[in-house]
Amino acid sequence: MGIDRVHSRIANIQSRIIALQTQQAAPTVQSTQTTQKTTSSGDTFANYLQDAVAAAPTANKSYKLNAKGIPEDLAAYGNGRIPADALEKVGNTRHKLWAPAAESLTRMMADAEKDGVKIGITDSYRPYTEQVDLARRKGLYSQGGLAAKPGTSEHGWGMATDLDLNSKALGWMKQNADKYGFVNNVARENWHWAYKPKSV
Ligand SMILES: [Zn+2]
């Protein structure tokens with residue numbers, strides 16, 4: 001409000017204080033001021049709340065793969081450029097994957113453990129810079145090495161994990177992994193398991 005209106009309002013309040021001084025003047029003025037304050041900050045809060053609600057993720061987020069098999073909710077970020085909070089932790093490990101893959105791997109590891117099989121995780125989501133580093137150290141798969149071309153790795157979408165498997169665990173995986181949507185899809189890497197669910 002303009003300064004003149006503020007001044008006239010103060011003058012008005014002061015005159016009311018004087019007029020009502022012997023009665024309940026103070027409480028009345030107090031309450032007028034409080035109401036005014038609540039109203040103006042209430043507008044701000046309502047706006048803030050509206051923005052916050054609009055920005056918040058949907059409670060029941062639905063996860064889908066696009067035609068290229070890439071998670072729809074991650075595609076816009078780009079391979080290896082996914083923010084940490086868009087991925088989900090695998091159990092209580094430090095490893096992260098696309099949420100449905102993380103949940104399925106967590107369940108698979110727990111079920112394997114019930115069968116007396118220990119499945120360890122060596123690697124999971126791999127940022128672009130790490131893909132570049134890996135290609136430099138291990139060579140490109142297309143040239144006989146062990147790394148995908150940077151920017152194309154399944155790890156870069158949080159859709160593959162490298163597992164630490166002894167022979168018993170590898171046998172268990174070959175028997176059971178597909179029930180959890182995981183497939184060993186790289187010929188020379190029996191540790192590399194990609195998440196290829198029949199449905200999400
Ligand atoms: Zn791998």
- Query: Does anything in the range 97-135 have its amide N under 20 Å from the 7 Å Cα→Cβ label point of residue 72, and if so which residues?
  - Reply: 98-104
- Message: Can you tally the net charge around residue 159? Count Lys and Arg as +1, Asp and Glu as -1, for every other residue whose Cβ sits under 12 Å from the Cβ of residue 159.
- Response: +3
- Three-way shape call for the range 140-200 based on the alpha-carbon gyration tensor, with the a/c threshold at 1.5: oblate
- Cα gyration tensor category, rounded, prolate or oblate, for the range 77-167 with a/c compared to 1.5: oblate
- Query: So, in nm, how far is label residue 107 from label residue 137 when the simple model puts each one 7 Å beyond its Cα toward the Cβ?
  - Reply: 3.3
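Every number here is computed from the coordinates shown, using simple stated rules; none is lab data. The structure presented is a predicted model; accordingly, all values stated were derived computationally and were not measured. Ideal geometry is used to build each Cβ from the backbone, glycine not excepted, and the neighbour counts take in all protein chains shown.
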